[in-house]
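Here the structure is laid out as structure tokens; the discussion comes afterwards.
Values in this text are rule-based calculations from the coordinates and carry no lab data. It should be emphasised that the depicted structure is a prediction, and the values quoted were computed from it without experimental measurement. Neighbour counts are summed over all protein chains in view; Cβ atoms, including those assigned to glycine, are modelled from backbone coordinates with ideal geometry.
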Amino acid sequence: MSVGTIGYAARREEIVLSGAESLDVLIDLSTEPIQLEPIVVEARSQWLSRVGFYERRDDPGNFGRIITRHEIENRGYTSVADLFYRVAGARVDYAEVGRRAIKFRRVVGTQTGDGCTPPMYLDGMRVADAWDIVPPEWIEAVEVYVGGASTPMQYRDPCGVVLIWTRRGS
């Protein structure tokens, strides 16, 4: 006799009965875990959906660098400027004591050979150099576009652009 059910190991036992005997049998089955496909849950911010972040992030033709909250937390960044040490085509300059500035490599039609300073947008609003003002723990994602050709149309600038999206309502 063989018995089995979902979540338990099948068990086979030989039972011999003679004639018209009947037998009540209690069979203990050992549990057997079922291997399931992993479940992936992605929570999306309605705010970031409205501003087109997810479309840009998931677009294979997007040449921007996306820095996620997960990456910011895992790398232990202490300022926004720290994010740019790992961005190709960007460098961190010291503007004055306690202030840093971000420069992108020289792009045709932009400032001097020293590079250009990209505009920065915070939650869709252009802001002055705030590289060390926004705490990294406030940030949901950063989009970095070096050079105007890769920049989303609404933020077009020959130097490129930096888009910082905070966790507001995320």
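Some observations on this one:
- All Cα-Cα separations within the chain were binned at 5 Å from zero, giving a P(r) of 1, 7, 14, 15, 14, 9, 5, 3, 3, 3, 4, 4, 4, 4, 4, 3, 2, 1, 1, 0, 0, each value a whole percent of the pairs.
- Mean-square fluctuations from a GNM of the chain, with a 10 angstrom spring cutoff on Cα atoms, peak among E42, E55, E71 at E42.
- Put simply, the C-alpha atoms of region 1-58 give a gyration tensor, and the ellipsoid matching it has half-axes of 57, 10, 8 Å, longest first.
- Per-residue ellipticity at 222 nm from helix content only, as computed over the chain with -39500 (n - 2.57) for each DSSP H run of at least four residues, stands at -2500 deg cm²/dmol.
- Note on region 46-166: antiparallel DSSP beta bridges, both residues inside, total approximately 90 percent of the bridges counted.
- For the chain, the dipole from Cβ point charges (+1 on Lys and Arg, -1 on Asp and Glu) about the Cα centre works out to 1320 debye, to the nearest 20.
- Between the residues M153, P136, Q46, the greatest Cα displacement towards the positive end of the dipole of region 46-166, with unit charges on the Cβ of Lys, Arg, Asp and Glu, is found for M153.
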